[in-house]
1. Once you average over the residues of B:62-71, how many Cβ atoms of partner chains fall within 10 Å of each Cβ?
2. Skipping prolines and chain starts, which residues have an amide H placed within reach, meaning under 5 Å, of the one on residue A:70, given they are 5 or more residues away or on another chain?
3. Just for chain A, what percent of DSSP beta bridges are antiparallel, to the closest 5?
4. Sorted from largest down, give the three principal axis spans of the alpha carbons of chain B, whole angstrom values.
5. For the residues B:52, B:23, what sequence is obtained by ranking on other C-beta atoms within 10 Å, fewest first?
6. How big is the dipole moment of chain A about its Cα centre under a simple scheme where the beta carbon of each Lys and Arg is +1, that of each Asp and Glu is -1, and everything else is neutral? Debye, nearest 20, please.
7. Structure shown: which of A:27/B:3; B:3/B:76; A:51/A:76; A:39/B:51; A:48/A:76 lie over 21 Å apart, alpha-carbon to alpha-carbon?
8. Take the Cα atoms of the protein assembly as shown, build their convex hull, and give its volume per residue in Å³.
Protein chains: 2
Amino acid sequence: MIKSVFYHAGCPVCVSAEHDIISLIGKDNVEIVHLAEEKNRVAEAEAKGVKSVPALVTPNGNVLHINFGASMADVKG
Amino acid sequence: MIKSVFYHAGCPVCVSAEHDIISLIGKDNVEIVHLAEEKNRVAEAEAKGVKSVPALVTPNGNVLHINFGASMADVKG
C-alpha cells in the first residue's frame, strides 16, 4: 500500500495535527516529513499541490490542507 | 471507541474530502453528518469548534478543518 505523506514545519498547529493524524490512520500508514528540516523536499510537496502546512497527501494524490500553520512561502523563507 | 465525526454540507470540496477521510480511517470509524440536511446539528458542530466545512472532529475533541468548502455562516444561511 502506498502511504499517505504528512508535511509539516514544526509549528504548534502542525504538531497537534500530526498527533491527530497518527492517531486516526496509524503511524505505519503515514510518512511524516518535516519541511523545515528537510528543505530539499519542499519542491516535492509543492509539486503535489501543497499550499500550506500541515497537509496530508493521500495515497491517491489528493491534498488535504488541515487547519493552517504556515504557508509554503513561510516554510521556504 | 468513540467515533470521529465528519461534518460537511454537500459541497464538491466536502464530498471529495469525505471520500478521502473514509478511505483513510474507515467508514466504521467516522460518523458522517450532512449539515445542510441536518440543520438541527449545526449548533452541535459550532459548540465543538467547527468554523467551516468540511471538518473532522476527532475522538479526543480536536477539530481538523480540511481544505475549505464553506463557512458555518454559509451553511446556516
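The numbers here are math on the coordinates, done by the rules we state, and not lab data. The structure displayed is predicted, hence computed values, not measured ones. Here the Cβ is made from the backbone with ideal geometry for all residues, glycine too, and neighbour counts use every protein chain on show.
1. Per residue, the number of nearby Cβ atoms from other chains is 4 on average.
2. A:53
3. Values: 8 of 13 bridges.
Just about 60 percent of them are antiparallel.
4. If we take the Cα atoms of chain B, the spans are 32, 24, 19 Å.
5. On the way: B:52 20, B:23 15.
Going from least to most buried by this count: B:23, B:52.
6. 160 debye
7. Beyond 21 Å between Cα atoms: B:3/B:76; A:39/B:51.
8. 111 Å³
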